[in-house]
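The values are calculated or read from the model by the stated rules, or taken from the named source; none is laboratory data. On a predicted model such as this, the values are computed, not experimentally measured, just so you know. Heads up, the Cβs are rebuilt from the backbone with ideal geometry, glycines too, and the neighbour counts pull from every protein chain shown. When the accessible area is computed, the model is the full protein with side chains, heavy atoms only, and any ligands, DNA or RNA have been set aside. Shrake-Rupley method; radii C 1.70, N 1.55, O 1.52, S 1.80 Å.
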Amino acid sequence: MALWRVRAQVDDDPGRLARLTAVLAAQDANVLALSVQACEGGPVDEFFVHTACDGTALRDGLVAAGGRGVVAVPADAHELVDGPTKALVLAAHLRDRPDALPQSLAELLGATEAVWTDPDVSLGGVYTGDPDVLYVPVPDGRAVRVTRPGMPFTMTEAARAAALARIPSEAPMPPPASTGTWLLLADGTEVLVRPGRTDDVDGVQLMHDRCSPESRRLRYFTSIPRLPRPALERLLVPRAGVTLVAVRPDGGIAAVGSLLHTTEPGSGELALLVEDAWQGRGLGTALLRRLGSLAQSRGMAELRAHVLPGNRRMLGVFDRAGLTGRRTYEEGVVRLSMPVVRGAPRGRCA
């Protein structure tokens, strides 16, 4: 007795599954698992069967029952792990080790090889001319080439692989080192850039008090003089994202910049407020560059921001930070959509 993984593509009509299972029953094959997957040429029925028959007998029987592209390969018992359970375990693993994506895809798809590669733009998607090779695009611009000889990939498997590939970019973003880093501005002033903390609430509120009503309006689209304490805490320690604060030499906070995950995979949203006395000194540009680097390290593919039409100064800060892209006018605001470029130069704090 041996374990086999068997696939057959069939016409999408009533009774097709019954015909295949009848053939397997006639060969004394015990069906241990069954799944139906989508493919361009029609549904693909996949069975894990325990039988004394060899692969040739299984293939011949299913072909006679109307199966097309029938494949029968020896299987291992570990392949019988429940599919959703396997996917959840791999997703949890990827949140801790994003670089393990190739190994996780190989495990998910039962592939013999999965390696990082640069995507071929001529492919136009995840499929190639070789049905045994699948290219899985990753939000950071790379791709993983997955190979499984003798077992063509289905559309369902391509969708599963694409969903798993988005996990690293959607993982909760670990904050930068809690000690922060010193930043030298063009005028020779040093500021400490570090992750925001809940005990920064009072300092950020004082920064808001020092900001002009116009600066607050341009940041929040309203001249609200004060934010509620719970709102400031959520701003400083967001549930899905990271906030950086710039600490002045005297210990006060001069700027706050945030990178927040959006509901769309691989996308983040930027927001920035610099107090009036520190504007025009390169601090905002430097903070946006740091946030852009964080987005890059997390595999994000796109950054977004919303700016009031009259805020030309902020639009210039985005340009100097190297965050350029498409700008559209929607519902009274300028919407910025900026691709995350791997290896983009940092530039000076000017």
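Just a few scattered comments:
- Placing a pseudo-label 7 Å from each Cα along the Cα-to-Cβ vector at Ala231 and Arg142 gives an inter-label distance of 4.1 nm.
- Rh by Kirkwood over Cα pairs, then Stokes-Einstein D for segment 12-103 at 0.692 mPa s and 37 °C, µm²/s: 216
- What the Cβ-Cβ distance of Ala57 and Ala162 gives, at R0 = 51 Å and to the nearest 0.05, is a FRET efficiency of 0.90.
- Of the solvent-accessible surface of the chain, computed with a 1.4 Å probe over protein heavy atoms with every protein chain present, carbon and sulfur atoms account for 55 percent.
- Only helices enter this figure: runs of n ≥ 4 DSSP H residues, each worth -39500 (n - 2.57), summed and divided by the residues of the chain, yield -9000 deg cm²/dmol at 222 nm to the nearest 500.
- Cβ-Cβ FRET estimate between Thr85 and Ala2, R0 fixed at 35 Å, reported to 0.05: 0.90
- Spherically averaged projected area in nm², based on the convex hull that wraps the Cα atoms of segment 1-156: 9.6
- One compactness figure for segment 171-326 is 0.97, namely its Cα radius of gyration divided by 2.2 N^0.38 Å.
- Applying 1/(1 + (r/R0)^6) with r as the Cβ-Cβ distance of Gln27 and Asp132 and R0 = 22 angstrom yields a FRET efficiency of 0.25.
- Ligands, DNA and RNA are left out, and with a 1.4 angstrom probe the accessible area of the chain is 49 Å² per residue.
- Helices in the chain that qualify as membrane-span-like (whole DSSP H runs, Cα extent of at least 18 Å along the helix axis, mean Kyte-Doolittle hydropathy of 0.0 or higher) are 83-96, 283-297.
- Per residue, the convex hull volume that the Cα atoms of the chain enclose (Å³): 164
- Per residue Cα convex hull volume in Å³ - calculated over segment 43-97: 115
- Relative contact order of segment 232-347, pairs being alpha-carbon contacts under 8 Å that are 6 or more residues apart, as %: 19
- Under the criterion of Cα pairs below 8 Å and six or more residues apart, the relative contact order for the chain equals 11 percent.
- For segment 231-278, relative contact order (Cα pairs under 8 Å, six or more residues apart, normalised by length) works out to 27 percent.
- The figure for Leu80 is an accessible area of roughly 70 square angstrom, using a 1.4 Å probe on the protein chains alone.
- Span from the segment 307-324 Cα centroid across to the segment 19-64 one, whole angstrom: 60
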